[in-house]
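K.L.:
Next up is a structure, given as C-alpha cells.
The values are calculated or read from the model by the stated rules, or taken from the named source; none is laboratory data. Only a predicted model underlies this, so the values are computations on that prediction, with no experimental measurement involved. As a convention, Cβ positions derive from the backbone with ideal geometry for all residues, glycine included, and neighbour counts pool all protein chains shown.
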Amino acid sequence: MVTLQLVLLILGLLIPLCWSARLLGGPLGDLERFYLAIHGWVAAFAWLGFLLIRLGRFRFAARLFLAGCLAMIMMVYLLAGIRAPGPAQIAHVFPLALAGVLFGRRALWGVLAFTWLCVLVGVGHELRAGADPGLTLEIAAGMLVSFLVVAVVFDGSLAGLATSLDDVEARRRALEAARRSLKAEKEEREQTMEQLVHVQKVKAIGQLAGGVAHDFNNILGVILGYAQWRERRSEPAEMLEALAGVETAARRGAAISRKLLNFSRQDVAHPEVFDVCEALRGLEGMLRQLFDPRVRIELTLPERALPVRIDRGQFELAVLNVATNARDAMPEGGHFRLSVRLDDDPARVGIELSDTGVGMDEGVRRRIFEPFFTTKGQSSGTGLGLAVVGKVINEAGGEIRVRSRPGAGSRFRLLLPHRSLAAPTGDAHSPLVLLVDDDDELRAMLGATLEAGGCRVLGARDGEEAWRVIARGRVPDVLVTDLRMPGLDGPALIRRLRPLYPALAIILISDYLPEAASLARELPPDVERLSKPFSPELLLQYVFMLTTWPLEEGKEGEGG
C-alpha cells in the first residue's frame, strides 16, 4: 500500500513538472500536444488513485489506475500506431507489473492479452495509413514477443514470490503456534507454581496443627485463670492486672488465627506496616515445632520496634521457608540463629537467618531462587520454597543476600525497607477521619480512640451515609471503611470516591472472607488493609502514617 502510494505520488508530481519545463522552452508540436494530453490523463488518474488510497479504498484505487493506464495505451495505439515514440511504449511494463503484483497471475496474463490487442489495433492504424505491411508486421511481432517475455519474467518472479510468501506464512503460523504453546506452558507453569505454593501452605498448617492446638489451649487456660480472679480478688489494681492478662492472651490468639488464615488463603498480596520483631516473636513457637529437638534455636531481637511494610502472611511464610531449608540441612542437629537489626543503611531492616548445616557450593547458591530448582529428592522437595522467598522479598522492594560454603552452613540476610510508624506527637497534624462501619459499638470505640489520639472523626453507618457526608463538603483526610455493610459496601464506596478524590487515603478493615481475594484485585493498590481483630492504637498509627508520609516526601522533594 505504501509503495503504490509513493509511485502514484511520484507520477502525479513529476509528469506536470516535466511538461511545465517543456512548455517554458517554446511552443509544442502536434505530436507533443498529443502526448501532453496522454500524460495529463496518467497524472490525473495517479492523483485520483492516491486520494482513494488515503481514504481507505486501496483495491478500488489500484483497479481504477490500472484501467486508466490500459485505456491510455489503447488510445495511443489507436491514434498513433505501433511506431509511437518511446515515452508511450514504456507505459506497457507498468500495467503488467501492477496487475501481477496486486491482483495475481491471472490478471497479469489478462493485461498481456489486452496489450496484444492494443498492438493489433496499432497495426490496423498503420496499414490504413499506407505503411509497408511487411515492416509493420515485423515490428508488431517484435513487440508481441517482447511483451510476452516481460510477462513470463513477471510470472516466474510472482510464482517464486508466492512460494516464498507461502513459506514465510507457514513459518509465521508455526512461530505463532509455538508462541501460543509457550504462553500456555508459561501460564500453566505459573498456575502450577501457585497451586503448589498453596499446597505447601496447607501442608505447613497440617504439620503445625498440634503446636497450634497446644498454644490455643494455653491461651484459653490463661483467660479462664484471669476470669476466675473475680471470685478471689476485688482490688481495682488486681482487676486491671487481670484484664491486661486477658488482653495479652486475646492478642496471642488473634495472632495465631491470623497466621492460619494467612497461610491457608489464596489471595493477592496486600502489604501492611508492622513491627518485624513482634512478628518474629510470634513465630517462635512455630519454629520450635518445626525443628528437631536436637537443633538449638536462638532468637536475637531488639526491644525497639522496627516497622516494615510487606504482606505479613507472606513474610512469615518466607521466614518459615528459609527455616525449613535450614532444618533439612541439619538432619543430625545443629544451631539455628535468627536476628534482627538495622542495616548499615538505616533505611533498611536486616533479618538474618543462619544455620550450621551442610552448606552449598557456588553453583547451587546461584540457582536457589529459581522455581522448581532443588537438590532434594522428588519426595522431599518441590523447589518452590526459596523461589517464594525471593518473590515475596523482591515484590516488597527488598533484597536477599546469601553466604554459604560446603560444610560451613548458610546465612540468609533479608533486607526490607524500614518504615516509620511512630505515635503522633502533640504538634502533629490533626487529620479528619471518616469512619464507616455498621457496628455501632465498634465504630464508637474506634472513634473514641482516634479522637483521644488527636484526630477529628466523622461517623457513618454505611457507604450511602458516608457518601452523603462527603457530598455536603466534609471531605476527609483518611477514609476508614468496613468491607461488608448493607447497601453500599466498602469496595463499592471506594470505587465511587477514588475517581473524584485520587489523593484520598483509604484503609479497608475486614477479616479474610472468601471474596477478599477477588476484591483485592479490583481495588486500587494503594488501599491499606487491616485485618480484624486489630487494636485501635494500630488504626491510629495507620491514620497518622498515611497523613504524615506525603508531608515527609514533600519535604524531601524540596530539599532535593
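K.L.:
For the subset of the stretch 526-560 comprising residues that are in a loop (DSSP other than H, G, I, E, B) and either farther than 25 Å from Arg443 by Cα or of a type in the set (A, V, I, L, M, F, W, C) (or both), which member is modelled with the highest pLDDT?
P.N.:
Taking the stretch 526-560 as the starting set, the residues that turn out to be in a loop (DSSP other than H, G, I, E, B) are 526-527, 532-535, 560.
From what is left, the residues that are either farther than 25 Å from Arg443 by Cα or of a type in the set (A, V, I, L, M, F, W, C) (or both) are 527, 534, 560.
On the way: Val527: 84, Phe534: 77, Gly560: 40.
The qualifying residue modelled with the highest pLDDT is Val527.
K.L.:
Quick check on the stretch 344-364: of everything there that is surrounded by fewer than 16 Cβ atoms within 10 Å (Cβ to Cβ) and over 29 Å from the mean Cα position of the chain (by Cα), which residue is farthest from Gly409 (Cα to Cα)?
P.N.:
Narrowing the stretch 344-364 to residues surrounded by fewer than 16 Cβ atoms within 10 Å (Cβ to Cβ): 344-347, 361-364.
With over 29 Å from the mean Cα position of the chain (by Cα) added as a condition, the list becomes 344-346, 361-364.
Details: Asp344: 24, Asp345: 26, Pro346: 28, Asp361: 11, Glu362: 13, Gly363: 15, Val364: 13 Å.
Per the stated criteria, the residue is Pro346.
Okay, residues lined up against (1) in a helix (DSSP H, G or I); (2) modelled with pLDDT under 75; (3) at positive phi:
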{"position": "Leu9", "(1), (2), (3)": "yes, no, no"}
{"position": "Pro27", "(1), (2), (3)": "no, no, no"}
{"position": "Arg33", "(1), (2), (3)": "yes, yes, no"}
{"position": "Leu36", "(1), (2), (3)": "yes, yes, no"}
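K.L.:
Only one residue in Glu194, Glu238, Glu190, Glu176 is in contact with a helix residue (DSSP H, G or I) (Cβ under 7 Å, 6 or more places away or on another chain) and at pLDDT 65 or above, so which one is that?
P.N.:
Numbers: Glu194 fails: in contact with a helix residue (DSSP H, G or I) (Cβ under 7 Å, 6 or more places away or on another chain); Glu190 fails: in contact with a helix residue (DSSP H, G or I) (Cβ under 7 Å, 6 or more places away or on another chain); Glu176 fails: in contact with a helix residue (DSSP H, G or I) (Cβ under 7 Å, 6 or more places away or on another chain).
When all the criteria are applied, what remains is Glu238.
For (1) over 36 Å from the mean Cα position of the chain (by Cα); (2) over 20 Å from Phe544 (Cβ atoms), each residue gets a yes or a no:
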{"site": "Val433", "(1), (2)": "no, no"}
{"site": "Val436", "(1), (2)": "no, no"}
{"site": "Leu458", "(1), (2)": "yes, no"}
{"site": "Glu464", "(1), (2)": "no, yes"}
{"site": "Asp477", "(1), (2)": "no, no"}
{"site": "Val480", "(1), (2)": "no, no"}
{"site": "Arg484", "(1), (2)": "no, yes"}
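K.L.:
Between a residue in the stretch 286-299 that is assigned by TED's automatic domain parsing to the domain that holds Thr356 and loosely packed, with under 12 Cβ neighbours inside 10 Å and any residue that is assigned to a helix (DSSP H, G or I) and of a type in the set (A, V, I, L, M, F, W, C), which pairs come within a Cβ distance under 7 Å, given they are 6 or more apart or on different chains?
P.N.:
As it stands, the answer is none, since no pair meets every condition given.
K.L.:
When the stretch 11-25 is examined, which residues are found to be closer than 17 Å to Val76 by Cβ and either modelled with pLDDT of 75 or more or more than 56 Å from the chain's Cα centre (by Cα) (or both)? I'd like the intermediate steps shown before the answer.
P.N.:
Step one: filter the stretch 11-25 for residues closer than 17 Å to Val76 by Cβ, giving 11, 15, 19.
Matches in the stretch 11-25: Trp19 only.
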